[in-house]
Amino acid sequence: MAAARALFSSTCLPISTTSYLSFPTTSSSIPISSSIRTTSLKSSLLGCPLPLSSSLSFASLSSTPRRRSTTVFVMLPTAKPERIESEKTTKWSARAVKAFSMAELEARKLKYPNTGTEALLMGILVEGTSEAAKFLRANGVTLFQVRDETVKLLGKSDMYFFSPEHPPLTEPAQRALDWAVDEKLKSGKEGEITVTLLLLGIWSEKDSAGHKILASLGFNDEKASELAKSANKDY
């Protein structure tokens with residue numbers, strides 16, 4: 001019987017444990033402690049104390065935020081490469097850059113080979129937070145209407161055609177971008193090139209698809225003049 005009791009005591013496993021993590025309470029950020037304190041373990045059957053100590057590393061779970069580097073492109077395509085090295089070159093606003101990226105995406109959705117003024121117009125509406133986009137919506141110009149008018153004016157692309165990842169700009173679209181840069185430089189005011197200037201650049205291309213679509217939806221020179229008052233605002 002004694003031998004059986006000795007054998008059982010040597011093979012028994014602990015059943016209940018109590019452990020906790022140590023957290024500081026004086027800091028707003030709560031890093032995880034690098035150690036776990038564990039009480040002595042005791043068998044619920046034999047009452048024999050089984051001391052246990054352990055240490056676990058939680059370095060990979062540290063709550064210290066990691067810095068991430070991001071790159072924001074502030075230069076859009078231009079037909080005047082001399083501007084790239086010019087000290088007077090003005091940067092595009094983040095909203096304008098996003099609107100341009102959305103324009104390329106809209107051109108790809110419609111399977112068009114190029115990014116035209118109509119795609120730039122759709123990009124402005126997709127971005128949606130600029131003064132220009134708000135002005136368009138307030139005057140009844142919506143993304144769905146522009147898409148419909150684009151298909152009516154330019155037609156549908158071949159279903160088996162795939163647009164390039166970055167559909168190149170059409171000549172009118174490129175001139176619209178350069179017009180916005182020229183107007184910003186002429187103003188002599190500091191700051192970035194806004195989405196409003198991009199929209200007015202589209203409107204300046206009288207024979208472009210973007211201008212025709214805007215005109216068909218009720219946009220005119222009077223509204224363009226009203227919008228121009230906020231040309232340097234992009235909040």
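Observations
- Members of segment 143-169 found to be open to solvent by 50 Å² or more (accessible area, probe 1.4 Å) and not in a helix (DSSP H, G or I), listed by number: LYS156, ASP158, MET159, TYR160, PHE161, PHE162, PRO164, GLU165, HIS166, PRO168
- Condition check for THR89 on (1) in a helix (DSSP H, G or I); (2) surrounded by fewer than 21 Cβ atoms within 10 Å (Cβ to Cβ); (3) at pLDDT below 95: one failure, at (1).
- Any hit, segment 188-204, residues being surrounded by 13 or more Cβ atoms within 10 Å (Cβ to Cβ) and basic (Lys, Arg): no
- In segment 173-185, the residues that are closer than 14 Å to GLY123 by Cβ reach residues that are crowded, with 17+ Cβ neighbours inside 10 Å and of a type in the set (Gly, Ala, Ser) with C-beta atoms within less than 6 angstrom, at least six apart or across chains, in these pairs: ALA173/GLY116; ALA176/GLY201; ALA180/GLY201.
- Of all residues assigned to segment 108-115, at least one qualifies as being hydroxyl-bearing (Ser, Thr, Tyr) and over 22 Å from the mean Cα position of the chain (by Cα).
- Among the numbered conditions (1) assigned to a helix (DSSP H, G or I); (2) in contact with a Gly (Cβ under 8 Å, 6 or more places away or on another chain); (3) in contact (Cβ under 8 Å) with a residue 60 or more places away in the chain; (4) not acidic (Asp, Glu), the only one that GLY140 does not meet is (1).
- Scanning segment 176-222 for residues that are part of a helix (DSSP H, G or I), more than 21 Å from ALA99 (Cα to Cα) and at pLDDT 95 or above returns SER216, ASP221, GLU222.
- Residue among ALA107, ALA79, ALA103 that alone is at pLDDT below 95, part of a helix (DSSP H, G or I) and closer than 24 Å to LYS206 by Cβ: ALA107
- Residue match in segment 113-121 (condition: open to solvent by 40 Å² or more (accessible area, probe 1.4 Å), at pLDDT below 95 and not acidic (Asp, Glu)): yes
The values are calculated or read from the model by the stated rules, or taken from the named source; none is laboratory data. Computed from a prediction, not measured in an experiment: that's the story for all the values here. As a convention, Cβ positions derive from the backbone with ideal geometry for all residues, glycine included, and neighbour counts pool all protein chains shown. Ligands, DNA and RNA are excluded from the accessible area calculation, which covers all protein heavy atoms including side chains. Shrake-Rupley method; radii C 1.70, N 1.55, O 1.52, S 1.80 Å.
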